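The values are calculated or read from the model by the stated rules, or taken from the named source; none is laboratory data. Note that the structure is a prediction, hence the values are computed from the model and not measured. Using ideal geometry, Cβ is built from the backbone for each residue, glycine included, and neighbour counts are taken over all protein chains shown. Protein only, heavy atoms only, side chains kept; ligands, DNA and RNA dropped before computing areas. Shrake-Rupley method; radii C 1.70, N 1.55, O 1.52, S 1.80 Å.
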Amino acid sequence: MSSDEHFEVTIPSDTSEGQAVQARIVEALEVREYPDKDVFSVRLALEEALVNAIKHGNRMSPDKSVEINCWISDERVRVEIQDEGEGFDRSHVPDPTLLENLERPCGRGIMLMGAFMNLIEYNEQGNKVVLEKIKGVAPKPPDTEAE
């Protein structure tokens, strides 16, 4: 069995730095023999969350950074991503599955993260997201009410 891993890292508002952290987490899941489906889910959710933090939260500002806190065990992975932006109100993000929003790009990443992860939570300010994936456990179908 693998031992638990925890790391904290602060990266600049640069998507290539986010990709490096994503690769580190994916590699740790593969070492722990997470199913391919789980690895794919985490990879996709991390990419969305990191890009959101860098591009939307920090607006690519070189003066701002993103804090990543990660716990990985043989049973679950938990990642907290916090940017230095003003945050957002999740309830104001349009539902991308509604007919009037089908051609609008906003909200799709949040929807995907929720579809692939067992837990997705935002802090009150909306500048921190918590993602959690339990090994081998399918996410619950999304509720019809906003989170």
Consider P35 carefully, then state whether it is in contact with a Pro (Cβ under 8 Å, 6 or more places away or on another chain) and open to solvent by 40 Å² or more (accessible area, probe 1.4 Å). no
What residue, among those in region 48-69 that are open to solvent by less than 90 Å² (accessible area, probe 1.4 Å) and either in a helix (DSSP H, G or I) or at pLDDT below 95 (or both), is nearest to Q22 (Cα to Cα)? L50
For region 30-54, give me the residue count where each residue is farther than 18 Å from V137 by Cα and touching a strand residue (DSSP E or B) at 6+ places or on another chain (Cβ under 7 Å). 4
I110 at negative phi, of a type in the set (V, I, T), at pLDDT 95 or above and surrounded by 12 or more Cβ atoms within 10 Å (Cβ to Cβ): no
Restricting the first residue to region 64-88 and requiring it to be in contact (Cβ under 8 Å) with a residue 40 or more places away in the chain and among the basic types (K, R), which pairs with a second residue that is assigned to a loop (DSSP other than H, G, I, E, B) and open to solvent by less than 30 Å² (accessible area, probe 1.4 Å) meet a Cβ separation below 9 Å and a spacing of at least six or different chains? K64/S13; K64/N58; K64/D83; K64/G85
Within region 70-81, how many residues turn out to be crowded, with 16+ Cβ neighbours inside 10 Å and closer than 15 Å to V21 by Cβ? 7
